[in-house]
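Take a look at the following structure, please.
The values are calculated or read from the model by the stated rules, or taken from the named source; none is laboratory data. Just so we're clear, the structure is a prediction, and the values are computed from it rather than from any experiment. Counting neighbours? That spans all protein chains shown, and the Cβs are built from the backbone with ideal geometry, glycine included. These accessible areas exclude ligands, DNA and RNA; they are computed on the full protein's heavy atoms, side chains included. Shrake-Rupley method; radii C 1.70, N 1.55, O 1.52, S 1.80 Å.
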Amino acid sequence: MIETRGLRKSFRSRAGRQHKTVDAVRGVDLDVAEGEIFGFLGPNGAGKTTTLRMLATLIAPDGGQATIAGADLLRDPAEVRRRIGYVAQGGSTWDDSTAREELVLHARMYGIGKADARRRAERALAAFQLTEYADRKCKTYSGGQRRRVEIALGIIHDPRIVFLDEPTTGLDPQSRAHMWDEIRRLRAEGMTVFITTHYLDEADALCDRIAIMDHGEVVAEGTPTGLKREISGEVLLVGLDVATTGQAAQLLDTEPYVAKLETVDGGGLRLTVDEGATAIPQVLRRLDHAGLALNSIELHRPSLDDVFLTKTGRSLRES
Ligand SMILES: Nc1ncnc2c1ncn2[C@@H]1O[C@H](COP(=O)(O)OP(=O)(O)O)[C@@H](O)[C@H]1O
Ligand SMILES: [Mg+2]
């Protein structure tokens, strides 16, 4: 659905007499498959919005190429525009118009006839659970309601792909969860969704695949699970009494699924394994068989922040 090669963008700004160049996007290669939720994860200033605005034909790249929904970004931007939807970070609804008016207007701007535009608005209001507020001015909506209107606007013309720039930033936890459901529904309907976020949990829970961006470059790409597994195995903490720890260590050290075994001060073992979910029952069986009682077993999986830390030397949570 999206293929980019070497996409670049610099901004020249002037502070007094000094000219400064910011390399906002420095050669980005992306491959996004049809029907997936693809996430762009990175701290503020990483270049997410700039990339999205290039893909949505709002600003011209300085270099590189891209094909979006089968249309060439540089040679045929008008066709790209017809095939995509775009919802800006700050949104695009007017305070004094109603959701219904906005939806009809947007549809009309895409050249859709009056009757069809009204039908589409009606359908969008129902799908996004906005019918109740349809005739109230946008300025009276909650953050979550307004964001749903904006997304409904972005897809009123049935695009094959929609770009959502930080769709949940500033929403309360409940509205965020609601927004995730809406985004999953779009995927279920066959749409490709490209979202940007600086929330680790959002990238983890919502996205099928992600690209982690930092300082204008993609530093890692893959499924959330794959990325986490790549940097280190999963860790099992096996709680044991001091008296049984030594024997348990001997038993488990030779097991093929144990990549690394360390004893914990005060009793217990720390096992690095490829996959905790399959290792747990094997550990339990092995210990049970030998008549060794364990007090607890905990699975620790590396987080996307661990991935970010490994790739950039900084924590995303802090930056
Ligand atoms: N129009 C602009 N003029 C000058 N600098 C810009 C402009 N837009 C973005 N930048 C700079 O480009 C970098 C990337 O910004 P942006 O793409 O908005 O990042 P993100 O969306 O990941 O927070 C930042 O350093 C930002 O200040
Ligand atoms: Mg941004």
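Note down the net charge around ASP116, summing +1 for each Lys or Arg and -1 for each Asp or Glu among other residues with Cβ under 14 Å from its Cβ.
Net local charge, ASP116 excluded: +4.
Based on DSSP H runs of at least 4 residues, each adding -39500 (n - 2.57), what is the mean residue ellipticity at 222 nm of the chain after dividing by all its residues, to the nearest 500 deg cm²/dmol?
-11000 deg cm²/dmol
Accessible area per residue for the chain in Å², computed with a 1.4 Å probe and the full protein assembly in place, what is it?
That works out to 49 Å² for each residue.
Check each of the trypsin sites (Lys or Arg not before Pro) in the range 63-141 and keep only those in coil by DSSP with at most 15 other C-beta atoms within 10 angstrom; list them in order.
Loop-located and lightly packed - ARG75, ARG136.
Please list, in order along the range 264-280, the HN-Hα scalar couplings obtained from phi with the Karplus expression 6.51 cos²θ - 1.76 cosθ + 1.60 (θ = phi - 60°), rounded to whole Hz, x for Gly and Pro.
9, 4, x, x, x, 10, 10, 10, 8, 10, 5, 9, x, 4, 8, 6, 3
Once you mark the GluC sites (Glu not before Pro) that are in a DSSP loop and have at most 14 other Cβ atoms within 10 Å, what is the longest gap between them in the chain?
The segment 35-188 is the longest one with no such site.
For VAL219, what residues show an amide H to amide H distance below 5 Å, using hydrogens built from the backbone and excluding near sequence neighbours?
The list, which skips near neighbours in sequence, is ILE212, MET213, ASP214.
Right, something else. Considering every pair of different Cα atoms, what Kirkwood radius, in Å, is found for the chain?
22.4
Hey, what do the phi angles of the range 104-111 turn into as Karplus ³J(HN,Hα) couplings, whole Hz, using 6.51/-1.76/1.60 and θ = phi - 60°, x for Gly and Pro?
For the range 104-111, the Karplus-derived couplings read 5, 4, 4, 4, 5, 5, 7, x Hz, x marking Gly and Pro.
Between the range 165-192 and the range 39-68, how many Å separate their Cα centres?
Here the two parts' Cα centres lie 20 Å apart.
Same structure, new question: Over the chain, with a Gaussian network built from C-alpha contacts below 10 Å, which listed residue (PRO77, PRO302, PRO281) shows the highest mean-square fluctuation?
The residue with the greatest mean-square fluctuation here is PRO281.
Report in % the part of the accessible area of the range 181-294 that belongs to carbon and sulfur, leaving out ligands and nucleic acids; probe 1.4 Å.
That share works out to 48 percent.
Over the chain, with a Gaussian network built from C-alpha contacts below 10 Å, which listed residue (ILE112, ILE156, ILE210) shows the highest mean-square fluctuation?
ILE112
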